[in-house]
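Beneath this line is the structure, given in structure tokens, with notes to follow.
Laboratory data are not the source of any read-out in this text; all were calculated from the coordinates shown. Remember, predicted model here, so these are calculated numbers, not experimental data. Cβ placement follows ideal geometry from the backbone for every residue including glycine, while neighbour counts extend to all protein chains displayed.
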Amino acid sequence: MTSALKAEASTEGRLRFPPDFLWGAATAAYQIEGAATEDERTPSIWDTFSATPGKVRNGDTGHVAADHYHRCGEDIAIMSDLGLKAYRFSVGWPRVRPAGSGPVNPAGMGFYDRLVDGLLAAGIRPVLTLYHWDLPQELEDAGGWTNRDTAYRFAEYAGLVADRLGDRVGLWSTLNEPWCSAFLGYGSGEHAPGRTDPAAALTAAHHLLLAHGLGVQALRAASLRADAQVSLVINPTTVRPVSNAPGDVDAARRIDGLINRIFLDPVLRGHYPADVQADTAHLTGWNFVRNGDLATIATPIDLLGVNYYQPMLVGAGEPPGPVPVSSPEAVRPPSAWPGSEDVRFLQPPGPLTDMGWSVDASGLRELLGRIRRDYGDIPLVITENGAAYADEPDPAGEVHDPERVRYLHEHLTAAHEALRDGVDLRGYFAWSLLDNFEWAYGYSKRFGIVHVDYTTQRRTLKDSAYWYRDVITGGGVPVT
Ligand code: IFM
């Protein structure tokens, strides 16, 4: 039976999802673990970046974060209480292979070994991402993702983790959001390592893709479970032109190329989009692409992970009229978009989250449908979706977050619509399980469905966590 047929509205007023739908929540190593110098872990580019004055709000770092390294038992108990079927986490490369190459660090690997065993004991499926932005600093010192060699180091690391955890982890992702690693890390400099060179950003994007392809091959060569699935997680989005004027439509084409097709085309079709290469030809000759690379990058995957937060609205030139002014936090600086620096980013309609991101679930349904239409029936998982709001406990110690409940409700409804449209959607992961280190925003933004008091490390389930538990255990999303 197809997913579309299995997704039905129930008579009890709930949108029902397929019985084997993967209900989960996600985190990432640097954002929650802390213990940055323990057990032989060495610095990552995010340790260096966050220690650099002016790079992260309030000078925050991931040194302690949500102290998950020491509290993972408590956090698994919370997941269990929420009824989660799956937990998506990332492995810290500098923790398990401190210098980025060389021998495995038994203590660091031991942490993930215990985490995986703890999850399985609680009946929660581990979903492992190998790289969520914490490149070992030693590799950055050798050129980071602009150095082709980093892709080969990644593949070695992937094989080592798979050799150790492959008997128990069934769902693997190579990279999380390579767009951010490449274009925010090497283009706009908002993320580690903070470089601001558009050609370097494109070079990094290619080497990340190469790392993905080599990583898929290394995983398949390792002793994974027979039913293991391998995926890539990207952050594609729906890009809309502000009008049908040719300049605006062309701006949407260019941004769509740089955030969507630059990853989807090589991975799922085996070539780079010709228009993206033409748009950026004045910046780089693309001679970092070697014979055979695209075949490696297109090594088949079993699933595609989609992280969705908001759609984009773009135009060209001067505003044609009373177009709303972008929230300064809603869009990335032009330097994140090589070859499209003159594109105007506008505030899409809809309420805003605490990040200044617009709430528009129609963009999710449209995105999933578009991937299916343009790239075929590859199974999809929503590997991140969620919203930041300024939540704090009330005097009774409860955390009421009605905006997040509404956000999750609207986006899960859109996910259900996508299923009914025929999209082969296999799961949904709320971002995030816990409040955490939100990169350049430090601890100023709270994405968790579980509140973290960073002074006491006390965890408090927010209303959204109770709501999500009801969705998982109660048979679907309530129809309101
Ligand atoms: O916190 C991040 C996460 O690390 C990657 N995806 C987007 C989230 C919210 O910005």
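Taking 10 °C and 1.306 mPa s as conditions, the chain diffuses translationally at an estimated 71 µm²/s according to Stokes-Einstein applied to its Kirkwood radius (Cα pairs).
Within the shell of other residues whose beta carbon sits under 12 angstrom from the beta carbon of L283, the net charge comes to -3, with Lys and Arg scored +1 and Asp and Glu -1. Among the lysines of the chain, pairs at least eight places apart or on separate chains and with Cα atoms under 29 Å apart come to 5.
Placing R0 at 22 angstrom, the Cβ-Cβ distance between S444 and D141 gives a FRET efficiency of 0.15 after rounding to 0.05. The alpha carbons of region 359-413 stretch over 51, 17, 16 Å along the principal axes, in descending order.
The value of relative contact order for the chain, using C-alpha pairs under 8 Å at least six residues apart, is 18 percent. Between R373 and R168, the modelled label-to-label distance comes to 4.4 nm, taking each label 7 Å out from Cα in the direction of the beta carbon. Taken along the Cα-to-beta-carbon direction at a fixed 7 Å, the label points for D81 and D394 span 1.9 nm. Per residue, the convex hull spanned by the Cα atoms of region 116-223 amounts to 93 cubic angstrom. Spatially, region 173-198 and region 12-47 are offset by 20 Å when compared through their Cα centroids.
The length gained by stretching the chain between R458 and D149 to full extension, at 0.36 nm per residue less their Cα-Cα distance, is 107.0 nm.
How large is the Kirkwood hydrodynamic radius of region 1-115, in angstrom, based on all distinct alpha carbon pairs?
Details: mean 1/r = 0.0598 Å⁻¹.
Taking every pair of different Cα atoms in region 1-115, averaging 1/r and inverting gives 16.7 Å.
R269 label point, 7 Å along Cα→Cβ, cut-off 13 Å on backbone N: hits in region 369-404? The answer is 371-376, whose backbone nitrogens lie closer than 13 Å to the label point. Model label sites at H63 and T473, defined 7 Å from Cα along the beta-carbon direction, differ in position by 3.9 nm.
For the peptides 176-189, 121-134, 466-479, the ranking by mean Cβ contacts within 10 Å, running from highest to lowest, is 176-189, 121-134, 466-479. From the square roots a ≥ b ≥ c of the eigenvalues of the alpha-carbon gyration tensor of region 53-134, which class results: rounded (a/c under 1.5), prolate (a/b over b/c), or oblate? Taking the square roots of the gyration eigenvalues as a ≥ b ≥ c, region 53-134 is oblate. One way to sum up the overall shape of region 153-193 is the equivalent ellipsoid from its Cα gyration tensor, whose semi-axes run 28, 11, 6 Å, largest first. Under 16 Å from a point placed 7 Å out from the Cα of H282 along the Cα-to-Cβ direction: which residues of region 170-210 have their backbone N that close? Label zone hits: 198-199. In the frame of its principal axes, region 182-308 has Cα extents of 52, 29, 28 Å, reported largest first.
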